[in-house]
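Notes to accompany the following structure.
The values are calculated or read from the model by the stated rules, or taken from the named source; none is laboratory data. Only a predicted model underlies this, so the values are computations on that prediction, with no experimental measurement involved. Glycine also receives a Cβ, built like all others from the backbone with ideal geometry; neighbour counts cover every protein chain displayed. Heavy atoms of the whole protein, side chains included, go into the accessibility calculation; ligands, DNA and RNA do not. Shrake-Rupley method; radii C 1.70, N 1.55, O 1.52, S 1.80 Å.
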Amino acid sequence: MRLPSLIWGSPEWLIGAVALVVPALAVLAWGYIRATGSRGLRLGGATLKLAAIVALAACLLEPLLSGVRPRPGANVFAVVVDDSQSLQVRDRGESASRGDGFRALLAPDAAWRGRLARDFDERDFLLDARLRADQGLGSLSFNGTSSAISTSLAALARRFRGLPLAGVLLFTDGCRTDSGEVDWSGLPPVYPVAPPPREPADDIGLTSVVVTESNFEAAPVAITAEARAAGFKGETIVALARDQEGKVLDRQTAVAASDDAQLAFRFQFRPEKKGLAFVRVDAFATADEEQVKAGGAPSATREQTLANNTRLVVVDQGGGPYRILYVGGRPNWEFKFLRRALEDDEQVQLVGLLRIAKRQPKFDFRSSQNGATSPLFDGFDHPDPDAAERADQPVLIRLGTLDEVELRDGFPQSAEELFRYHAIVIDDLEAAFFTPDQLSLVRRFVSERGGGLLMLGGLDSFGEGRYDRTPVGELLPVYLNGRESTAVDQEYVMKLTRDGWLQPWVRLRKTEDEERERLATATPYRVLSRVGALKPGAVVLAEATSGSGEVAPALAAQPFGMGRVAALLIGDLWRSAIRRQDPLDEDFDRAWRQTARWLTADVPDRFQVEAKPRTDGSNPGVILTARLRDPVYRPLDNAKASFRVILPGGSELVLDAEPDPNERGAYVAPYTPKAPGPYRAIATAAGPDGATMGERETGWVSQSAADEFAHLTPDREFLGALAAQTGGEVVDGARLDQFVASLETRAAPITEPWTIPAWHNPLFFLAAILCLAAEWGLRRTHGLP
């Protein structure tokens, strides 16, 4: 708000005014000094008379009030009204809805609207899923299916870019359904008008549902649902998670402890089918459970709306098959039990490369006389030296390969060959087995391709395997100095660290007490590779404690580049499988399966798809993205991608993807859902040579009604932040007349100067007369001369 400034119209009369004031001041001072009475009384009387004399003398200088104001009709002022269904909510004890309150404020004959139209170029808009002009607000119905406040404000800023937009008067409850962030810098002052604060109506609603997919085998999918129960104090609220056929996957209950309770439900389950699926989450009162399970809806007699009792979420247990390359230094029990643990996992394929004999020196037995080969060996040479088996090369066997060509030449020597795998397990194998180029290739596999690497403990692993000062040693989460040894002389018991308890793939039980009980009875180990200190950024997930109390890292992990690396320093994990008391005990197998899934989780494929909500502030919808890579995982340009979108009703449409200008190898296709429900998108792609890269599937859910009624309480925090960031203020609906009247003192793009003679104002002279009258009354009442 701008205050007017005081200027002087006739400053040349300053000397004359001073000439009048100074003698009058002298006479005034002489009179009051001689007067009897208290000091405060005399000072007060002198001040009043002096003020009157100065005010009258100032008239000679012609005091003027000056300032600037918005030029009438030159600036635009937008009135934007939220036309969504959430304004149909009736607060507790109210017969009229929030929208009815807004409708009364927006009446055409409202005084503030006439004043606004007189001072500004008023433009009226409605917002729901998008912003639309509606001069006079005649189409206001409060039937919109969403509240795209951020998107609408961004559209308004674009529409009036370069035009004199002085401000926005926004009538809304602040409950927005779009996820885009508001670009504060491009907005004029926004003045939100919210419904008056009242008690919320009785209602049970899901405010958010989040899906978490972990490597915990017993319950790889966790859904966290947050709900709000208003008016159900002391009652039990039931939440169900069901699949597409209506089968209950999990059931949770919570008691509403207050009249406006915030509840949290956590579902854990294992999907029966792999791939993309939609899970339905419902929240309702206990009395409605049988009705809901039978396919009906909760009772609507108590609740404000039923649109927020149900939400759909996407669960994607697809992917795979993930291929893990196991490289072992010798045939051992570890590979046997690892292979047995993974053979029933449809998503993980284990490929083994085992060395059954190390390379041996090659000798030629030659004669000491002329250097020729000894006659004893004549006739034993292979006719084709290139095809002959060489004694100075290790003997390897391959297990689980796709064909006879895979790993035929041993460990991969090119990125194209190695990058076909998702993870690598190195078990009891020295660094000298690999060539320097292969060691560098493993480093690239983790950092560039985003693969997983696991090194197991043993006599030829870590320090004893001479991995220090190698590219693979740089990957490991622990330091190696080349002097470490492997302990085989005592028993070690594994215990989880604080970080380990937080990792689902490290635990095998759902509760902490059950996991502690399992660890207390676990088989002790006897082989432990010793290493140096932990690297920065790495975490120890499990520790090994010896009988003498020595504690050493047993499992450590860290991210590296785009991938992840773990060091499992136990060298005889197979003891747990051999010594298990119950043949049906699957703890060992489950531990390996969870570790394998952790290694391969989030490892990118050459062809990936996703569907994300639009956040560019344009229009609501999703962005379908396909990311393509060549065999060495470089972004693939000049490719083609398309999406076959399956709509909720079963019909289909095809969208051609365009290259993303902001990301190489990415191809995008925007889509705006027209109907609520689950959507699937099947992507197909072809490389520059026309070769197909297969199909990938993704999905999302459009549920505008559930989003619209997710929060029935006005979001005053958001409205306050919106006003503060744009230079506006939250306006009380009952004070709209005063607010609009104050706009002439606020900033605007186009202004004009104004000047008013202050001494022409009757109040100016009235103030001087009042000062004189007060001084005279003061003297008379106290007997002053």
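Data table
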read-out: Straight-distance crosslink candidates among lysines, where the alpha carbon sits under 27 Å from K273 and sequence neighbours closer than 8 are dropped; value: K247, K293, K510, K612
read-out: Relative contact order of the chain, pairs being alpha-carbon contacts under 8 Å that are 6 or more residues apart, as %; value: 17
read-out: Gyration tensor over alpha-carbon atoms, the stretch 504-595, equivalent ellipsoid semi-axes in Å; value: 23, 17, 13
read-out: With eigenvalues of the C-alpha gyration tensor scaled by 5 and rooted, the stretch 479-547, Å; value: 24, 18, 7
read-out: All aspartates and glutamates inside 18 Å of K358 as judged from Cα atoms, apart from same-chain residues fewer than 8 positions distant; value: E389, D392, D409, D427, D428, E430, D460, E464
read-out: Separation of alpha-carbon centers, the stretch 131-172 and the stretch 22-51, rounded to whole Å; value: 63
read-out: Share of alpha-carbon pairs per 20 Å distance bin for the chain, given as whole %; value: 12, 29, 27, 16, 11, 4, 1, 0
read-out: Helix 762-782 axis, angle to the chain major axis (alpha carbon atoms, nearest 10°); value: 70
read-out: Distant alpha-carbon pairs in the stretch 428-524 (separation over 23 angstrom), percent; value: 44
read-out: Residue-level accessible surface for S97, protein heavy atoms, 1.4 Å, Å²; value: 20
read-out: Dipole magnitude of the chain, debye to nearest 20 (Cβ charges: Lys/Arg +1, Asp/Glu -1, about Cα centre); value: 2680
read-out: Ranked by how many other beta carbons lie within 10 Å on average, peptides 654-662, 529-537 from highest; value: 529-537, 654-662
read-out: Accessible surface ranking that places the most exposed of S440, S95 first, with a 1.4 angstrom probe; value: S95, S440
read-out: Farthest positive-ward along the stretch 275-365 dipole, Cα basis, beta-carbon charges - from A297, V351, T310; value: V351
read-out: The stretch 520-591, accessible area per residue, ligands and nucleic acids excluded (1.4 Å, Å²); value: 45
read-out: Under 5 Å, built H, 5+ apart or other chain: amide partners of I424; value: L325, G452, L453, L454
read-out: Charge dipole of the stretch 40-135 about the Cα centre (unit charges at C-beta), most positive-ward option of L60, P108, A96; value: L60
read-out: Protein-only accessible surface order, largest first, of C771, C175 at 1.4 Å; value: C771, C175
read-out: Probe 1.4 Å - accessible area at L312, Å² to nearest ten; value: 50
read-out: Ordering of 603-609, 67-73 by burial proxy (mean other Cβ atoms within 10 Å per residue, highest first); value: 603-609, 67-73
read-out: Rounded Å value of the spacing that divides the Cα centres of the stretch 257-313 and the stretch 629-705; value: 31
read-out: Derived scalar couplings ³J(HN,Hα) [the stretch 417-432; Karplus, 6.51 cos²θ - 1.76 cosθ + 1.60; whole Hz; x for Gly, Pro]; value: 7, 6, 6, 6, 8, 9, 7, 10, 10, 10, 10, 6, 9, 6, 5, 5
read-out: Estimated dipole of the stretch 114-163 in Debye, rounded to 20 [Cβ of Lys and Arg +1, of Asp and Glu -1, Cα centre]; value: 200
read-out: Amide proton proximity set for S702, modelled H, under 5 Å, gap of 5+; value: G677, Y679
read-out: Note, ³J(HN,Hα) from phi for the stretch 169-176, Karplus 6.51, -1.76, 1.60, rounded to Hz, x at Gly and Pro; value: 9, 10, 9, 7, 8, x, 8, 8
read-out: Value of relative contact order over the stretch 398-461, rounded to a whole percent, pairs C-alpha under 8 Å and six or more apart; value: 40
read-out: Derived scalar couplings ³J(HN,Hα) [the stretch 624-634; Karplus, 6.51 cos²θ - 1.76 cosθ + 1.60; whole Hz; x for Gly, Pro]; value: 8, 10, 10, 10, 10, 10, 7, x, 9, 6, 9
read-out: Heavy-atom SASA rank of M494, M455, M562 (probe 1.4 Å, accessible area, largest first); value: M562, M494, M455
read-out: Backbone N under 18 Å from the L65 label point (7 Å along Cα→Cβ), restricted to the stretch 749-765; value: 752-765
read-out: The stretch 641-784 - percent relative contact order, Cα under 8 Å, separation 6 or more; value: 13
read-out: Nearest-ten-degree value, helix 436-447 long axis tilted from longest Cα axis of the chain; value: 40
